[in-house]
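Read the structure below first, then the notes.
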Amino acid sequence: MTGSRSRYDVHGLVLDLGDAFPAADRRKLLRRLRDDVPAFAAIAATDGGATPLGKDSSDVLVPFAEGRRVTVGRAWEAVHALRAHPLVADAEPAVGYRVDPAPEPARPKTRRASSTGGADLPGSDPRDWSTRAVRADAARAATGTSGRGVLVGHPDTGYTDHPLILGPRLRKGDGFDFVDDDPDARDPLTGSFPGHGTATASVIFSEVTPALCGIAPGAALAPMRVSGSVIHFDFTRLIQALYRCRDRGCDLVSMSLGGPWAGRSLARAADALVADGRILLGAAGNHTLMVIFPALLDSVIAVAASNAADKPWSGSASGAAVDITAPGESVWRAWTHARNGQVAFDTGRSDGTSYATATLAGVCALWLERHGGAAALRQRYGGRLASVFRDLLQASCRTPPGWNARRYGPGIVDANALLAAPLPAFGGVRLHSAARPPGRAAAEADWARLQRYVPELGPRQLAAAVAKLHGVAPAPGSARRSARSAPPPSLIDEIAFFLATDPAVRAAFVAAGGGAPKRGARRASAARTTADPAAALRRQGSARLRAALAAD
């Protein structure tokens, strides 16, 4: 994102009310909150409206008053106040982070237009190379599976009329457009990643033809349009799509999208689907220093990307949060693009953990069919089904020589071995994310939550940066603290938000800890960068955060 212009788009607050209240009770509760919380009353709409993010969800989206422009700092002020109210279990801002990408430089004609601009590896010439790399062709032949009877939920940019994905297995009626609030999830090809939903869908379930080889050519897919981009900072539409996937009977959800920050409402939605026996897959991320959300959630299986040489793709996110790796560099996919004002349909190779995730989604569909279908497996394992799949997936994968399991999981997906593995008697503990905030009575803040945003800093360096920020003892893991009291957990959430979205804050934090930015890290301009993280946060943080930093 170097050279890009970015800005916040604050459009509401997400409140966890603890229960899924009827509409009349929600209105009464919100009126009480307006009476009790001035910071909330000042920005929230006065009509009592709040949209549940899903059926039986305790999370609701409260819009701002019409025409009211709300800064991100004011939104966080309301969040802090609401979290202290006994009727609110949790609160977070609904904030988009608009990015205008800088124009990409022209590439030599001998190179393809890809995220890396590099030449394709020779091994990626056969259009079915990624299918053979995960041995999905052998698995289909050995078991007679194709993903038949499995419905894949697919939140992305929507679908197009590309002939390689059209047909009765594209379940348009089960999809939805959460951007335009429309039942048709058609991709208008106007966003930052036009045609992305079609591309990833084709890897999952297109038929096996000379032009393209889908991993699960018998599976069905429900398209959900949640954005025109795969880079997310506001996950409210994805959350709504997740609940719809559950309610429409999707057996797994393939999420080739993500971002560096998410509130806990995303974790609650993911946990709800996993508890219901659904399997969630998420892209680890492209050209980032950390595994991104939703893949970072413990209830989501995080997928990194490899290439035709069985090496990790150079642009793949990595780290301890990665569960498995699948082909994601130079993967053949359906390509929809506008040419001279006309929509054109083509095929070609592209890179990204998006395609690794789609590949695993197809393999998961084969596995579900192999064992009698998702309904039978849900009846047998209940909320432990995702755990069963992940454990078998990791135990059956193949590990190339020299593989770095600490960064890319235990290896590369092996569908043939996976489908041949016997099912366990019980399965492991249900995958679950920490979906609730720390208790209000917590004696001190959980500063360790900031570590993922500054991988350049070791634990002692992070402690040093925190000491400059808030005066806590620099020794990592120490129970001792300075005379200054630690901030409440909600302030740590706000600091994490700015670390994820503001390059100046992040650069200041790294500098305060004595670290050097890693290669690929976003850098703020020299005019905005300061070695003082508190000063960087004061620029746009909430009044409560500014007050907490005032004693520096």
**OP:** Please give the calculated 222 nm ellipticity per residue for the chain, where each DSSP H segment of at least 4 residues contributes -39500 (n - 2.57) and the sum is spread over every residue; nearest 500 deg cm²/dmol?
**Re:** -9000 deg cm²/dmol
**OP:** Output the lone cysteines of the chain: those with no second cysteine's C-beta under 4.7 Å from their C-beta.
**Re:** Cys213, Cys364, Cys397
Subject >> Helix 264-275 vs. the chain, principal-axis angle (Cα, 0 to 90°, nearest 10) >> reply: 40
Original post:
How would you rank Lys468, Lys28, going from fewest to most other Cβ atoms within 10 Å of each one's own Cβ?
Top reply: Lys28, Lys468
Original post:
Helix 196-205 versus the longest principal axis of the chain: what angle, 0 to 90°, nearest 10, using Cα atoms?
Top reply: 50
**OP:** Work out the P(r) tail for region 236-338: percent of alpha carbon pairs separated by more than 18 Å, whole number.
**Re:** 49
Original post:
Against the longest alpha carbon principal axis of the chain, how many degrees, from 0 to 90 and to the nearest 10, is the axis of helix 353-370 turned?
Top reply: 60
Subject >> For Gly348, distant residues with modelled amide H under 5 Å away >> reply: Arg333, Trp335
Original post:
Any idea what % of Cα-Cα pairs in region 289-370 are farther than 21 Å?
Top reply: 39
**OP:** Would you kindly give the portion of the calculated P(r) for region 5-100 that falls above 15 Å, as a percent of all Cα pairs?
**Re:** 57
Original post:
Going from the alpha-carbon gyration tensor of the chain, what semi-axes, largest first and in whole Å, does one get by taking the root of 5 times each eigenvalue?
Top reply: 38, 27, 24
**OP:** Using only alpha carbon pairs under 8 Å that are at least six residues apart, calculate the relative contact order of region 125-420 and give it in whole percent.
**Re:** 22
Original post:
For region 153-207, what is the Kirkwood estimate of the hydrodynamic radius, computed as the reciprocal of the mean inverse distance between distinct Cα atoms, to one decimal in Å?
Top reply: 11.3
Original post:
Quick one: putting +1 on the C-beta of Lys and Arg, -1 on the C-beta of Asp and Glu, what dipole do you get for the chain around its Cα centre, in Debye to the nearest 20?
Top reply: 1060
**OP:** Please quote Rg/Rh for region 234-286 to two decimal places, taking the Kirkwood radius as Rh and restricting both calculations to Cα atoms.
**Re:** 0.93
Original post:
What is the set of long-range amide H partners of Gly411 at a cut-off below 5 Å, with H atoms built 1.01 Å from backbone N?
Top reply: Thr325
**OP:** Restricting things to alpha carbons, tell me how big region 118-178 is in terms of Rg and Dmax, in Å.
**Re:** 15.4, 40
**OP:** Starting from the Cα-Cα distance between Arg538 and Asp56, subtract it from 0.36 nm times their residue separation and give me the gain in nm to one decimal.
**Re:** 169.7 nm
Subject >> ³J(HN,Hα), Karplus 6.51/-1.76/1.60, whole Hz, each residue of region 403-418, x for Gly, Pro >> reply: 5, 8, 5, 5, 9, 10, x, x, x, 9, 3, 10, 5, 5, 5, 4
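Read the figures in this text as sums done on the coordinates, not as results from a lab. Please read these numbers as outputs of a predicted model, since none were measured by experiment. Note that we place each Cβ from the backbone using ideal geometry, even for glycine, and neighbour counts take in every protein chain shown.
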